[in-house]
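None of the figures in this text is laboratory data; all of them are computed from the coordinates on show. Worth saying up front: this structure is predicted, and the values here are computed from it rather than measured. Note that each Cβ is placed from the backbone with ideal geometry, even for glycine, and that neighbours are counted across all protein chains shown.
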Amino acid sequence: MAPHDPKRVALGVDHGTRRTGFAAADASRILISPLDPVQGGDAEALDAIAALCEERDVGVLVVGYPLHMDGATGPRVAEVDAFITLAEQRFPELGVVRQDERLTTREAEERLREAGYHGAQRKARKDSWSAMILLEDWISAGEPR
């Protein structure tokens, strides 16, 4: 795993089997923005990461890690681990961090509701807002490796 460079953009990834959400934190870690989610599986998500790396000076991927409420791992952990392995192989220059994603979806839905999004609008934004919350949590924790 490559060490992450704190002077570069952090890209949050909320991995899904049908849709993956993304968010970006600027190098100063002040601005965190949800980005457009990508429909499809791992190949489409990795292609989206490649495009985002071309657009932005990405230094680290912060990938949501789906632990159960008691901290135990479940079947989704194996899927995310497999995705992380693919990401590390395709982007060896990037650091990759696993970030606990417990309750990020619930928080994203609450924020979207408070922002006035409903129905399809909320569903379309949920994954990327979850990725944004992942980044907030990671930054608040001191950007742990």
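Any residue at all in segment 92-115 that is hydrophobic (A, V, I, L, M, F, W, C), surrounded by fewer than 21 Cβ atoms within 10 Å (Cβ to Cβ), out of contact with any helix residue (DSSP H, G or I) (no Cβ under 8 Å at 6 or more places or on another chain) and part of a helix (DSSP H, G or I)?
Scanning segment 92-115 turns up no residue that is hydrophobic (A, V, I, L, M, F, W, C), surrounded by fewer than 21 Cβ atoms within 10 Å (Cβ to Cβ), out of contact with any helix residue (DSSP H, G or I) (no Cβ under 8 Å at 6 or more places or on another chain) and part of a helix (DSSP H, G or I).
Look through segment 35-66, keep the residues that are under 10 Å from Leu11 (Cα atoms) and touching a Phe, Trp or Tyr at 6+ places or on another chain (Cβ under 6 Å), and return whichever of them is surrounded by the most Cβ atoms within 10 Å (Cβ to Cβ).
Val62
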